[in-house]
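Worksheet: one structure, shown below.
The values are calculated or read from the model by the stated rules, or taken from the named source; none is laboratory data. These figures come from a predicted structure and were not determined experimentally. We place every Cβ from the backbone using ideal geometry, glycine too, and count neighbours over all the protein chains shown.
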Amino acid sequence: MKIRILLLFSLMLLLRLNSNAETYKYRVTLRDKSLTAYSLDRPQEFLSERALERRHRQGIDIDSTDLPVCKTYIDRLVEQGGEYQMQSKWNNTVLMLVHDEEIAERFRQNPFVVDVRKVWVSPDTVFPRNKDRKKEITNKWKKTGDYYGVASRQIKIHHGDSLHLAGFRGEGMHVAVIDAGYYNVDKMKFFRKLHILGTKDFVNPNSDIYAEHNHGLKVLSCMAVDMPKVMVGSAPGASYWLLRSEDNDTEQPAEEDYWAAAVEFADSVGVDVVNTSLGYYSFDDAANNYKYRDLDGRTSLMSRSASIASKKGMLIVCSAGNSGASSWKKITPPGDAEGVLTIGAVNTDGVNADFSSVGNTADGRIKPDVMAVGFHSSVAGTNGGTSYGNGTSFASPIFCGLVTCLWQACPWLTVTELIDVVHRASDRYEYPDNIFGYGITDMWKAYRIGMDMKNK
């Protein structure tokens, strides 16, 4: 009996030790795709018809970056003790989970491996999710005399109401929101008209995406809510993919890998526009922090991926960051990426918010691109009523929805042309700076510029 008790105690101790053991994730950069089973002649095997049509419409060729990562290489890393997590075909990287750092040394010995970088260490604490979240929902609100309700000013400051009145509310457009979670979206009356194309969690595939952080709820509401005289978003007619890449329990470089996988997924299913109110310049381990010189659009994995996404024909709209009044001050990757729209924050009177991050990029490009309401922005609350929030996180989706409607109205524009039209229709186009960028965009003016381009 004593022996059995001792053995049982030993087993329990071993299980406890194993459960507390650290795990690690490594970003493994591969040399090539020479052993891929895919071919550029058969793009329908890795890209949807809608993704191919978007490329065709903008004159974009399929190239080697579109090919999935070589499975033979992944299999070898698994044989060496790694657990495959996800890949970035554009960057030719794979994210591998290991239980022993020595396994990463084995990875380095492979001739097909260029680089191995530790990007995640398991946290000591994982915060519990709210199992009683649905009890918070009251779905109570007050009506106003304005069609847009509490969101009136953040739409009308851009003359977005003119686009909507002309029939451009985002119908037929696919938008991906990459964020931290969509708390209670599934049970709110605010979203009963919302067309959700699908959801996908790149942090934890087994999570309930509607039980995660509420940041994505608020971001989504700026675009998608359609409750006349209560709150109407900037693209209420669009269809949405809800994707999660932000890890609420830790701040580590692996979140860039999650984001890269998410934006590549968005590309593959044919998304037109992506909003990301996420960005990273500092991490739990300060050794990973970015410096000003890194704001070149190429250093951050997230920024590189955003630039590639633009070249694939998707419009990436991202928040500038909320560091304007802090010691960092600067925009946050991927806001430094080339070919994206980086959005700063103003109040409803058009005065810049002091927290809105400033540019320019390290290589001298104008950032932010334009400004939208990010101070006292109208958003949905976790109880299903209206609320307010501050941050470029909300300026970005407000503008993202409007530019989605603009692209619906002017589908002949390429991503590059669309961004140029937005710049030209902004009130500081002739004298941009590192605080306002090109200023506040008049979306009806942008529409007229787009129409002129069609007729030329």
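Observations
One line per residue, one yes/no per condition, for (1) within 18 Å of MET314 (Cα to Cα); (2) modelled with pLDDT of 95 or more:
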| position | (1), (2) |
| --- | --- |
| ALA21 | no, no |
| THR29 | no, yes |
| HIS56 | yes, yes |
| ASP63 | yes, yes |
| SER88 | yes, yes |
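- Matching entry among ILE103, ILE155 (being closer than 30 Å to ASN288 by Cβ and in a helix (DSSP H, G or I)): ILE103
- Being within 25 Å of ILE196 (Cβ to Cβ) and either out of contact with any Lys or Arg (no Cβ under 6 Å at 6 or more places or on another chain) or buried (at least 17 other Cβ atoms within 10 Å of the Cβ) (or both) holds for only one residue in ASP294, ASP247, ASP285, and it is ASP247.
- Only one entry of ASN360, ASN455 meets the criterion of being of a type in the set (S, T, N, Q) and modelled with pLDDT of 95 or more, and that entry is ASN360.
- Applying the condition of being of a type in the set (A, V, I, L, M) and assigned to a loop (DSSP other than H, G, I, E, B) to segment 59-97 and asking which residue is farthest from VAL203 (Cα to Cα) yields ILE60.
- Qualifying residue in segment 321-330 (condition: under 18 Å from GLU246 (Cβ atoms) and out of contact with any helix residue (DSSP H, G or I) (no Cβ under 9 Å at 6 or more places or on another chain)): yes
- Being over 30 Å from PHE283 (Cβ atoms) and outside the structural domain of ALA306 (by TED's automatic domain parsing) is true of PRO111.
- Positions within segment 225-261 being aliphatic (A, V, I, L, M) and closer than 26 Å to VAL373 by Cβ, in sequence order: VAL225, MET227, VAL230, MET231, VAL232, ALA235, ALA238, LEU242, LEU243
- Residue in segment 226-233 that is basic (Lys, Arg) and either at pLDDT below 95 or not in a loop (DSSP other than H, G, I, E, B) (or both) present: no
- Selection status of ALA261, at negative phi and in contact with a strand residue (DSSP E or B) (Cβ under 9 Å, 6 or more places away or on another chain): yes
- In summary, LYS143 fulfils each of the numbered conditions (1) assigned to a loop (DSSP other than H, G, I, E, B); (2) of a type outside the set (Val, Ile, Thr); (3) outside the structural domain of ALA309 (by TED's automatic domain parsing); (4) more than 25 Å from the chain's Cα centre (by Cα) with the single exception of condition (3).
- Test result for LYS291, over 17 Å from the mean Cα position of the chain (by Cα) and at pLDDT 95 or above: yes
- Some residue of segment 369-380 being surrounded by fewer than 20 Cβ atoms within 10 Å (Cβ to Cβ) and modelled with pLDDT of 95 or more: yes
- Qualifying positions in segment 254-269 - surrounded by fewer than 21 Cβ atoms within 10 Å (Cβ to Cβ) and more than 12 Å from the chain's Cα centre (by Cα): SER268, VAL269
- Selection of segment 323-349 for residues being surrounded by 24 or more Cβ atoms within 10 Å (Cβ to Cβ) and either among the basic types (Lys, Arg) or part of a loop (DSSP other than H, G, I, E, B) (or both) yields LYS330, ILE331, THR332, PRO333, PRO334, GLY335, ASP336, ALA337, VAL340.
- Any hit, segment 200-217, residues being in contact (Cβ under 8 Å) with a residue 40 or more places away in the chain, of a type outside the set (A, V, I, L, M, F, W, C), surrounded by 16 or more Cβ atoms within 10 Å (Cβ to Cβ) and in a strand (DSSP E or B): yes
- Filter result for SER396 (under 22 Å from SER326 (Cα atoms), crowded, with 20+ Cβ neighbours inside 10 Å and among the polar types (S, T, N, Q)): yes
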